[in-house]
1. Taking amide H atoms as placed 1.01 Å from N in the peptide plane, list the residues 5 or more away in sequence, or in a different chain, whose amide H sits under 5 Å from that of residue 585.
2. Quick one: of the DSSP bridges fully inside the stretch 410-583, what percent are antiparallel, nearest 5?
3. Subtracting the Cα-Cα distance from 0.36 nm times the residue separation, let me have the gained length for residue 364 to residue 329 in nm, one decimal.
4. DSSP loop (so not H, G, I, E, B), at most 13 other Cβ within 10 Å: list which trypsin sites (Lys or Arg not before Pro) in the stretch 317-359 pass both filters.
5. Pick out, in residue order, every one of the GluC sites (Glu not before Pro) in the stretch 130-220 that is DSSP loop and has at most 11 other C-beta atoms within 10 Å; say none if there are none.
6. Quick one: which residues, 5 or more positions from residue 187 or on another chain, have an amide H under 5 Å from its amide H? H modelled 1.01 Å from N in the peptide plane, none for Pro or chain starts.
7. Sorted by average packing, counted as other Cβ atoms within 10 angstrom per residue and highest first, what order do 198-207, 431-440, 512-521 take?
8. Of the listed peptides 499-505, 488-494, what is their order by residue-averaged count of other C-beta atoms within 10 Å, with the highest listed first?
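Every number here is computed from the coordinates shown, using simple stated rules; none is lab data. Values in this document were obtained by computation on a predicted structure and should not be read as measured data. Note: ideal-geometry Cβ built from the backbone for every residue, glycine included; neighbour counts use all protein chains shown.
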Amino acid sequence: MQPRFPKLGSIRSKFILSLAFLSVVPLVLLTFVSYRLYLEILEQNVRSYTREVIDRIDRNLTIYLSDQERMLDLRSDYYVLQFVKLSVAGDIEGNRKYTLRLWENFNNIKTIKTDLRDVAITTLNGVRIGCYGTTHIDLTQDQLFQTLANRSVVGDTTAFWGPHSDWLGGSVFSIGRAIRGDYENFLGMMSVDVDVELLDNICRDIRLGKTGYVMLVDENGQIIYHPNPELTGKSVSLLLGNSAYERGKTGSLLPEFSHGNQVVTIKTFTPANWRIIGISNQAELMQEMHRITGVSLLLICGSILAVIGVAIFLARRLTRPIMELRHTMRLAAEDLNTNVTIRTGDEIGQLGEAFNQMLARIRQLMEQSVQEQKKLRRTEMIALQEQIKPHFIYNTLDLIIGLLETKQNEDVINMVEALGAFFRISLSHGQEFITIREETEHVRNYLYIQRFRHGDKYNYRFELDERILPYKTIKLILQPLVENAIYHGVRELEEPGVGMIIIRGYFLEDAAKICLEVIDNGVGIPSLELAEINECLREPGTDEDYFGLCNVKERLVLAFGSEYGLELFPTPGGGVTVRVLLPVIQTVQKGSDDSGRIITG
C-alpha cells in the first residue's frame, strides 16, 4: 500500500514545495502589507478566547481521561482478578488460559485505541502482562506502581506517571488504577501507556494569535508538550522564569500575568496535576482586526489552498507513472508474474517497457531451469532405482528345481506364486509409486522365499496399522532393508529358530508422517559402526561399503525431500532397527514431462 503523503525527499514533495514556495511568498508579502491595516483588538476579547481555548483543552483531556478510566474498570474483570491472584500464588500452569485471554483482550483494545502504546496488568510479584507478552519487571523502578501501592483505599484514584520512555524507547505517559482483593488489599495495578503524540494531536492546531501557543507542563515544571519539539523536556523556567511561574500556579484557577511581551494564562488539569499554559503576544492582543483583515485572510487562505491543490494535482499527474513503476518493482521482488502498466510513451513508459521485458526473460529462464531440474531428478531416480535389483533369483530357481526333483509339488506351486507376485510388484507396470499395502506384500513374498531357503533359522511377522496401507510410497525400499536384516543379522545367530524380523508401520506426529520399521534381533552392529552408517546416510556417497542403504536413502530424498529418509538404531536386547520416514501421500498424478506430482493427505 502506497503512503498517503509523499516523503520530503521525494520528487513529488520537492515539486509541491517549490511551487508552493514560489506562490506563497507573494501572499506572505501581501499579508505583511495588510497587517498595517489591522485595528486594535480588545484585550479582554482575546483573553476570553484564550480562556476558551484552554478550557477546551482541559475538557478534551478530561474526556480522554474519562474514557481511559472506563477502560481501566476492566481491572475488576473476572479474568483479570484470576490472573492476578494466580500470579501472586505462583500458579503458572493454572494461569495459562487467563494469560492468553488477557493478551488477546489487550491487543484488541490497542488495535481499537491507536493512541495506546500498551495495556498491562502488573502484580505484586513483578509479573507484567501486556500487549507484548508476559515479562518480569523491577517494581522499584515503576513510579506508577509505587504511587498506587502506597495509597490508601480512601485515596485510591487514578494515578499518572510521565512522560517517560517505555521499553521500546517511545515517549509515553502512564495512567493506572489499583487492583484490590476481596479485603481491599493491594494486589497490583492495571495501566495504559499513552503515546505522548496524543498531546500533540490535542494541542497542535491551537493558536493564540499569530505567535501565541499553548503548552503543557507537569507538576515538576518540566515541559511535556510545546509546538517546538526541541523545548519538550526542558524546564518551563527557561521561558517564564521561576518567580513568574510560581506566582501563576494557584490551584485550578485561571491566573493571568505578564512576562515581557507575553500574556500568560495558566490552568491546572487537576487529575494529573499538569498545567495548561497559554502564551499570547501582547502586541497582537492589543489589536482588533479590521473588516478588510477578514477579506484579506480569506483571499490569502483561498489562494494558498488553491496553489497547494494545483501543486498536488500537477505533482501527482507527473509523478504517478514513477510511483507505479516503483510499486511494481517492489511487487516483482516477491512475484515475477507482475508487469508494469504502460500509460505513457515518454521516458518513464520506455523504462517500464524495458522492465517488463526483463521480467519476461527472467521468467523464461526460471521455467527453463525448473524443467531441466525435473528431468534431471527423474533421471537420477530411475538410475538409483535400477541399482537395486533382486539378486536372489538364481538361488530361488535352484531351490525350485530341488523341490521338483524331490516331488514337493505343493511347495513348488507356493514358491512360484510367491516369486511371481514378488516380480509383479517389482515391475508394477513401470510405475515408481505403489501403495504401502503392495510394498509390504512384496516384502512378505520375499521373506516367504528366503525363509523357505534358510529353513527354521528365523521367523518373521508384520505389525501394520491398517490405516496406512492405502497411502503411496516409492517401491522397493523395504526389500533391501529386510535383506540386510537376514544376511547381517538373524542368519549370524548360532541358535536356530530364535531369530525374528518384524515389519512395523504406523502414523507419526498426528498422522503428518508415516513410519516404517524393519526390526531384527540379530547379532547387531557395534555402536561406532552404527554411528558411521548413520553419518554416511546423512552425507551419501562418503562410503561405498553401505551402498545399498545409501541408495534407498537417496531415492527417498529425491522423491520426497531432505526431511524424509532412513536411520538405524540398536534394537533393545540386540539387533538393529531401521526406521523409514515417509510423507502421507494419497495420490500421485503423472505430469506431461513424466514427473510425478504428489498430492498429500
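1. 472, 601
2. Antiparallel: roughly 75 percent of the beta bridges in the stretch 410-583.
3. Result for the pair: 10.8 nm of gain on full extension.
4. Working: sites: 317, 326, 330, 343; in loops: 343.
Listed in order of number, the matching sites are 343.
5. Details: sites: 184, 197, 219; in loops: 184, 219.
Counting only loop positions with at most 11 other Cβ atoms within 10 Å, the GluC sites (Glu not before Pro) in the stretch 130-220 are 184.
6. For residue 187, whose amide H was placed from the backbone, the distant partners under 5 Å are 179, 180, 181.
7. Numbers: 198-207: 15.5, 431-440: 19.0, 512-521: 20.5.
Per-residue mean Cβ counts within 10 Å order the peptides as 512-521, 431-440, 198-207.
8. Working: 499-505: 21.4, 488-494: 16.7.
Top to bottom by mean Cβ count within 10 Å: 499-505, 488-494.
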